[in-house]
2 protein chains.
Amino acid sequence: MAPSFVTNGDVAAVKTTPFAGRLASVYSEVQTSRIDHALPVPSVLRSPFKIVDGPASSAAGNPDEIAKLFPNLFGQPSSMLVPNGVDNIGSDQKLKIGVVLSGGQAPGGHNVISGIFDYLQERAPGSTLYGFKGGPAGIMKGKYVELTADYIYPYRNQGGFDMICSGRDKIETPEQFKQAEETAAKLDLDGLVVIGGDDSNTNACLLAENFRSKNLKTRVIGCPKTIDGDLKCKEVPTSFGFDTACKIYAEMIGNVMIDLIAELNEILAHDVVDENGLWKKKLTDQSLKLFEFLPQAIQEQLMLERDPHGNVQVAKIETEKMLIQMVETELEKRKQEGSYKANFKGQSHFFGYEGRCGLPTNFDASYCYALGYGAGALLHSGKTGLISSVGNLCAPVEEWTVGGTALTSMMDVERRHGKFKPVIKKAMVELDGAPFKKFASLREEWASKNCYISPGPIQFVGPASNAVNHTLLLELGAQA
Amino acid sequence: MAPSFVTNGDVAAVKTTPFAGRLASVYSEVQTSRIDHALPVPSVLRSPFKIVDGPASSAAGNPDEIAKLFPNLFGQPSSMLVPNGVDNIGSDQKLKIGVVLSGGQAPGGHNVISGIFDYLQERAPGSTLYGFKGGPAGIMKGKYVELTADYIYPYRNQGGFDMICSGRDKIETPEQFKQAEETAAKLDLDGLVVIGGDDSNTNACLLAENFRSKNLKTRVIGCPKTIDGDLKCKEVPTSFGFDTACKIYAEMIGNVMIDLIAELNEILAHDVVDENGLWKKKLTDQSLKLFEFLPQAIQEQLMLERDPHGNVQVAKIETEKMLIQMVETELEKRKQEGSYKANFKGQSHFFGYEGRCGLPTNFDASYCYALGYGAGALLHSGKTGLISSVGNLCAPVEEWTVGGTALTSMMDVERRHGKFKPVIKKAMVELDGAPFKKFASLREEWASKNCYISPGPIQFVGPASNAVNHTLLLELGAQA
């Protein structure tokens, strides 16, 4: 019952890590408890296993074009780790593996790296793991650090990408490919794990194709990372970080929803008391200011800001204010028509960065570890151009499957500047998918009633600590 | 390991509450687990107890003026519940008690009401508890609901004030006092519990004085509520909601801090690659726009918006943008002087409503329940003009003390419109207090190093679930 941290008046130090990485950081009790948390892992990873290939693969669209763009990789089978009395992968070869974090942060990235590291320790002892610093730029510039047990330890089960940091650069021009080749040669890399979203995994596949076409030994395996949830297919049921981020945002939204219920009532109660309605005039002023301010800013945001992949930076559009403004405009119109008499005050809340670096949920911690461990196995067995894939995710962790999916099988082409460009098909909201159908069946009720399920803060022990997110439950339930 | 909620494709319903209050709400697993959580309570509340009075009290300042303003209440002793073989409070009297929530929401308010209710059930059976709806306006307008076991149940240990909602109105004019008297007479109220901040408790004391001066039987007890932490004294070591809100904000800040560490590195890494620095120009554009936009808005916010207590609504000032703007202005100046060459981009995060309605921590849940239960005991023993006070808060819950503090002892006067007005002295940051001294001893290090302790999400079970917040630890440690 008594707090386990110091009670002698010192603010600090549940534990000061004596390690190279988070050297200056002080850890909280929850963070500390997570570092040494015994992670459940798929049972296949705890036994000798072998890798079994499936049938030849195709592409998500335009297979002929994809075949032309990836002559060495197109058609590769997907792979699966299956338990076997004798481990048929691990020769005595010591591996040199690089790992890079690409794009925005997502909870669990450190566990992917932990999984790769532990694979090498357990199944290819004497191997070396390099972490490229600051994203793909680290590969091109040859900026890296050797990842040791001590270096990795304080990041286990922790949020953030700060172990080796990330970046949004692309390896795409012939010069950039050459820089990557030089770094791979200099470090004598047997393999590279690219942890990133759809664009980064497309890049990973182009790099794999490039290395293979030049008969270089470096193989490339991708890992699906994004809190957006738009990188998935049948064999990659979700991307890591999505579960944690959803739960963080859902907690905050739950808190605000409960707040609004009472706040609305307060305003209505106040309306009765404040007979002269002075406060209404103030609100209308404010709304008008918002009206005058917003559209131009949003237009400028749309026009000015593109990320290095050419994407509009949607997160920078103040959607919440735009929606308020649209509602205000509509209500103002109705008011002038005489069909609306009340007053509307929008209170915007924007949730963005709060979800990217949270402590990974139990789900994401185990999922990421399995992705990393599996990536190690795939590289060890000589695979390239696959994305690490962990499946059966609604079952207990022990029953999860581990394997790799041909990146080319997830691709289609887009026509840009008169050329076909390969792209991993974005997983958009599928209007005939189970989650949207569920939403459609409920949205009328949800529009008029307060049905929001407020999940509360993420728990690591006890009730709900192993809850599977609803998107995954619905999608996998529908497949079953 | 399997999730305990439905896996048949239904999004809904861990539990649909069949109760009057949160009728349409659907509860999450964590919320549900909290409803039936067996709350630790101070052991004195589990035994027969009696109430022992201390010495006569004075005021926080200008005792002569406070004595004039509260002729019937000034000098009252504080009270303490002490274990006793025979409960000397509870006559067989059935009580009629009202409760009101006043001002902004804070985690734990529902538990104060639960505590009052349970006191009445256990120690004054046959009593009635009325909840005034929408804050003090509910008292003046006679808007109330009878709170039954079924009505209260779904709100136990839950965040928000939506059980009876809150409001910011004051009872201050002679007409308003008369309305309150009429409601008290109509409901035959023996007592009223006012749950609110410093202004609301000042009001509670004025109401107590008014009732007493007119020989009305209705007594008034306050409860200290505010996430701001500015309502406290030696006998009221903290106000409820502060612990939960701090921990929610600290989690979010921790997430963003970890994000920034890597983001800064990404920008630096990017800086090397993006030789022509186009992105910098965009940022400067944005900053300039911010510069042009903000000051006027802040001025208007300062001038336009006051709450009914006349306070500037500080939360509506976009402090985070103002600070960014000030840094930009300074750096721009230095750049023109040639003493600064880099680029600064501020990313603002505002945390406000996220913390007001979270699930109360174990600390706040127990603290609030004890406040409410104690308020019931104080009213039952005939006390008025006290604020419910729970102490010894760094010890295990069982060892907490429960009592009441004379509200007049917390008061000083302010001169407004040529008259003395009583105010509960706001607990500001004390520059010679233990928390600030600790901060002062560390701020230089904190300014240059990353020492933020990232607490992770609030836990209800396991590590850190009973952690006492550092402010309280330092303040109570310093007193001991």
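Just for region B:338-351: of the residues that are surrounded by 15 or more Cβ atoms within 10 Å (Cβ to Cβ) and more than 7 Å from chain A (Cβ to nearest Cβ), which one is farthest from A:Glu251 (Cα to Cα)?
Ranking the qualifying residues of region B:338-351, first place goes to B:Asn343.
Can you tell me which residues in region B:111-146 are under 18 Å from B:Asp188 (Cβ atoms), among the hydrophobic types (A, V, I, L, M, F, W, C) and without any contact (Cβ under 8 Å) to a residue 60 or more places away in the chain?
B:Leu129, B:Phe132, B:Ile139, B:Met140, B:Val145
What do you reckon, is B:Gly462 at the interface with another protein chain (Cβ under 7 Å from one of its Cβ atoms), surrounded by fewer than 16 Cβ atoms within 10 Å (Cβ to Cβ), outside any helix (DSSP H, G or I) and of a type outside the set (Asp, Glu)?
Spelling it out, B:Gly462 is indeed at the interface with another protein chain (Cβ under 7 Å from one of its Cβ atoms), surrounded by fewer than 16 Cβ atoms within 10 Å (Cβ to Cβ), outside any helix (DSSP H, G or I) and of a type outside the set (Asp, Glu).
Scan region A:213-220 and tell me whether some residue there is among the aliphatic types (A, V, I, L, M), within 17 Å of A:Ser409 (Cα to Cα), in a loop (DSSP other than H, G, I, E, B) and in contact (Cβ under 8 Å) with a residue 24 or more places away in the chain.
no
Within the bounds of region B:173-190, is there any residue that is closer than 17 Å to B:Tyr369 by Cα and in contact (Cβ under 8 Å) with a residue 60 or more places away in the chain?
No, region B:173-190 contains no residue that is closer than 17 Å to B:Tyr369 by Cα and in contact (Cβ under 8 Å) with a residue 60 or more places away in the chain.
Taking only region B:465-474 into account, find how many residues are at the interface with chain A (Cβ under 7 Å from one of its Cβ atoms) and either in a loop (DSSP other than H, G, I, E, B) or more than 25 Å from A:Gly358 (Cα to Cα) (or both).
5
Residues are listed down the side, and each one gets a yes or a no for (1) hydrophobic (A, V, I, L, M, F, W, C); (2) within 16 Å of the chain's Cα centre (by Cα); (3) modelled with pLDDT of 95 or more:
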position: A:Phe350; (1), (2), (3): yes, no, no
position: A:Leu359; (1), (2), (3): yes, yes, no
position: A:Tyr367; (1), (2), (3): no, yes, yes
position: A:Leu371; (1), (2), (3): yes, yes, yes
position: A:Gly376; (1), (2), (3): no, no, yes
position: A:Leu386; (1), (2), (3): yes, no, yes
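In region A:432-459, which residue that is under 30 Å from A:Ser409 (Cα atoms) and more than 9 Å from every other protein chain (Cβ to nearest Cβ) is surrounded by the fewest Cβ atoms within 10 Å (Cβ to Cβ)?
That would be A:Asp432.
Restricted to region A:101-143, and to residues that are more than 12 Å from chain B (Cβ to nearest Cβ) and in a strand (DSSP E or B), which residue is farthest from A:Lys170 (Cα to Cα)?
Here the answer is A:Thr128.
Output the number of the condition that A:Asp412 fails; it satisfies all remaining conditions of (1) assigned by the TED database to the domain that holds A:Ser43; (2) buried (at least 20 other Cβ atoms within 10 Å of the Cβ); (3) not β-branched (Val, Ile, Thr).
(2)
Kindly provide the set of residues from region B:110-166 that are of a type outside the set (A, V, I, L, M, F, W, C) and on the phi > 0 side of the Ramachandran plot, ordered by number.
Within region B:110-166, B:Gly126, B:Gly134, B:Gly135, B:Gly142, B:Asn157, B:Gly160 qualify.
Of the residues that sit in region B:144-180 and are more than 30 Å from B:Ser33 (Cβ to Cβ) and assigned to a loop (DSSP other than H, G, I, E, B), which one is nearest to the other protein chains (Cβ to nearest Cβ)?
The selected residue is B:Asp169.
Out of the residues in region B:33-86 that are out of contact with any Phe, Trp or Tyr (no Cβ under 8 Å at 6 or more places or on another chain) and within 14 Å of another protein chain (Cβ to nearest Cβ), which is modelled with the lowest pLDDT?
B:Asp36
Please state which of the following conditions B:Val429 fails to meet, knowing it meets all the rest: (1) buried (at least 21 other Cβ atoms within 10 Å of the Cβ); (2) within 19 Å of the chain's Cα centre (by Cα); (3) not assigned by the TED database to the domain that holds B:Ile66.
B:Val429 satisfies all of (1) buried (at least 21 other Cβ atoms within 10 Å of the Cβ); (2) within 19 Å of the chain's Cα centre (by Cα); (3) not assigned by the TED database to the domain that holds B:Ile66 except (1).
Can B:Val461 be described as outside the structural domain of B:Ser127 (by the TED database) and free of Cβ contacts under 8 Å to residues at least 24 places away in the same chain?
For B:Val461, the condition - outside the structural domain of B:Ser127 (by the TED database) and free of Cβ contacts under 8 Å to residues at least 24 places away in the same chain - is met.
With respect to the numbered conditions (1) touching a strand residue (DSSP E or B) at 6+ places or on another chain (Cβ under 8 Å); (2) over 30 Å from B:Pro71 (Cβ atoms), which one is the sole condition not fulfilled by B:His470?
Here B:His470 clears every test but (1).
Taking region B:223-248, which residues are part of a helix (DSSP H, G or I) and among the basic types (Lys, Arg)?
Passing the criteria: only B:Lys247.
The values are calculated or read from the model by the stated rules, or taken from the named source; none is laboratory data. Being a predicted model, the structure only gives us computed values, none of them experimental. Quick reminder, even Gly has a Cβ in these numbers, built from the backbone with ideal geometry, and neighbours come from all protein chains shown.
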